[in-house]
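Visitor: Structure incoming, see below.
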Amino acid sequence: SHRNLISNVRSLTKLWAFTDTDTLIHALPIFHVHGLFVANHCALTTGATMIWLSKFEEAKVIDALGSGTVMMGVPTFYTRLLAAREFTAEVCRSMRLFISGSAPLLAETHESFEARVGHRILERYGMSEAGMITSNPYEGIRKPGTVGKPLPDVELRLVGDDGEACPPGEKGHIQIKGPNVFLGYLNLPDKTRQEFTEDGWFKTGDIGELDDDQYVSIVGRSKDLI
C-alpha cells in the first residue's frame, strides 16, 4: 500500500541521512524493489539529485562517483569495482555512503572495500513484501556479515519450528511486524493467510540469528527451496 511505502522511506531517509544536497548513483534494475522503490524513493522524497544509469558498467559508475554522494548496489557491484584498478579513494572523494543489499555481502568484500577506499559498506536487509526491515547504522558500528538492527518502527522476532520464541544465541525463523509490511498477495487470500501468524506476524521465510548487540545475521532460507 501507499502507507507501507511511505512509512519505509521516511525511516530510511532519516536513518541514512538523505537530504536535497545528496546525489544518488542509481545503476540498479527497476524490476526489483531495491531499484524501483528503495533507491528512487530516497532520492525523490528528499529532492536529491539522481544519476540514472541504464545498467551497471564499471567505467560509467567510476565516472559518476566523482560527483556522487550515495550509491546503492548489490554485492557484485562492489566486487566488480574492487576488480577495477581505476577504483581508488580519490575517485570516491565526494562519496559519503555505499549501501549494499538484495544478497549477502561477504565479510571479505566489506573489509577489502574499506581497505581500498576507506568506506565501510552499509549492509541492510529487506524483501518485496516489506521494503527494508533492518539496517546497519549510518553513525555507529557497521558489522561485516550482519544486516544490522530492525528499523525503528519494525519489530522482528526469531521462532523455532514449533512457533515458540528462540532462546538467545539460537537460529530461528525471522518474523516481522510493522507499518512497512504489505497487506497481502493480490487475489491470493489463502496464500496471504498462510504467510501470517495468528497474532499478525509475517513469516519472511528467512533463517536468522541475533548477536549480543541484537544485530541480525541471515543464515539461511526456509521457503522456496528445492
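The values are calculated or read from the model by the stated rules, or taken from the named source; none is laboratory data. What you see is a predicted model, and the numbers here were worked out from it, not measured in a lab. Quick reminder, even Gly has a Cβ in these numbers, built from the backbone with ideal geometry, and neighbours come from all protein chains shown. Surface areas here come from the heavy atoms of the whole protein model, side chains and all, with no ligands, DNA or RNA. Shrake-Rupley method; radii C 1.70, N 1.55, O 1.52, S 1.80 Å.
Visitor: Take the conditions among the small types (Gly, Ala, Ser), within 15 Å of the chain's Cα centre (by Cα) and surrounded by fewer than 18 Cβ atoms within 10 Å (Cβ to Cβ) and apply them to GLY163. Does it pass?
Guide: So GLY163 fails the test.
Visitor: While we're looking at this one, here's another question. Hey, does the range 22-41 have a residue that's under 22 Å from PHE182 (Cα atoms), without any contact (Cβ under 8 Å) to a residue 60 or more places away in the chain and among the aromatic types (Phe, Trp, Tyr)?
Guide: Within the range 22-41, one or more residues are under 22 Å from PHE182 (Cα atoms), without any contact (Cβ under 8 Å) to a residue 60 or more places away in the chain and among the aromatic types (Phe, Trp, Tyr).
Visitor: Could you identify the single residue in ASP161, ASP153 that is out of contact with any Gly (no Cβ under 6 Å at 6 or more places or on another chain) and not hydroxyl-bearing (Ser, Thr, Tyr)?
Guide: ASP161
Visitor: Further question on the same structure: Considering every residue within the range 93-116, establish whether at least one is surrounded by fewer than 19 Cβ atoms within 10 Å (Cβ to Cβ), closer than 30 Å to THR204 by Cα and among the basic types (Lys, Arg).
Guide: No, the range 93-116 contains no residue that is surrounded by fewer than 19 Cβ atoms within 10 Å (Cβ to Cβ), closer than 30 Å to THR204 by Cα and among the basic types (Lys, Arg).
Visitor: Could you give every pair whose Cβ atoms fall below 6 Å, whose first residue belongs to the range 76-104 and is closer than 22 Å to VAL33 by Cβ, and whose second residue is aromatic (Phe, Trp, Tyr) and assigned to a loop (DSSP other than H, G, I, E, B), counting only separations of at least 6 or pairs across chains?
Guide: Between residues of the range 76-104 that are closer than 22 Å to VAL33 by Cβ and residues that are aromatic (Phe, Trp, Tyr) and assigned to a loop (DSSP other than H, G, I, E, B), the close pairs are PHE77/PHE56.
Visitor: Return the total of residues in the range 140-189 being in contact with a Cys (Cβ under 9 Å, 6 or more places away or on another chain), among the hydrophobic types (A, V, I, L, M, F, W, C) and under 12 Å from GLU209 (Cβ atoms).
Guide: 1
Visitor: Shifting gears a bit: Has the range 44-57 got any residue that is open to solvent by less than 10 Å² (accessible area, probe 1.4 Å) and either within 28 Å of PRO179 (Cα to Cα) or without any contact (Cβ under 8 Å) to a residue 40 or more places away in the chain (or both)?
Guide: No, every residue in the range 44-57 fails to be open to solvent by less than 10 Å² (accessible area, probe 1.4 Å) and either within 28 Å of PRO179 (Cα to Cα) or without any contact (Cβ under 8 Å) to a residue 40 or more places away in the chain (or both).
Visitor: Checking PRO168 against (1) surrounded by 13 or more Cβ atoms within 10 Å (Cβ to Cβ); (2) in contact (Cβ under 8 Å) with a residue 40 or more places away in the chain; (3) in a loop (DSSP other than H, G, I, E, B), only one condition comes out false. Which one?
Guide: (1)
Visitor: Same structure again: Can you tell me which residue in the range 4-25 is surrounded by the fewest Cβ atoms within 10 Å (Cβ to Cβ), limited to those that are touching a Leu at 6+ places or on another chain (Cβ under 9 Å) and farther than 20 Å from TYR125 by Cβ?
Guide: Looking at the filtered set, the residue picked out is ASP22.
Visitor: Also: Here is a check on your reading of the model: is ILE99 at pLDDT below 95, touching a Leu at 6+ places or on another chain (Cβ under 8 Å) and within 30 Å of LYS177 (Cβ to Cβ)?
Guide: Answer is no for this residue.
Visitor: For the subset of the range 105-129 comprising residues that are touching a residue at least 60 places away in the same chain (Cβ under 8 Å) and of a type in the set (Ser, Thr, Tyr), which member is farthest from LEU188 (Cα to Cα)?
Guide: Only one residue tops the list, namely TYR125.
Visitor: Would you please name the residue that is farthest from THR146 (Cα to Cα), looking only at residues in the range 60-81 that are touching a Lys or Arg at 6+ places or on another chain (Cβ under 8 Å) and surrounded by 14 or more Cβ atoms within 10 Å (Cβ to Cβ)?
Guide: THR69
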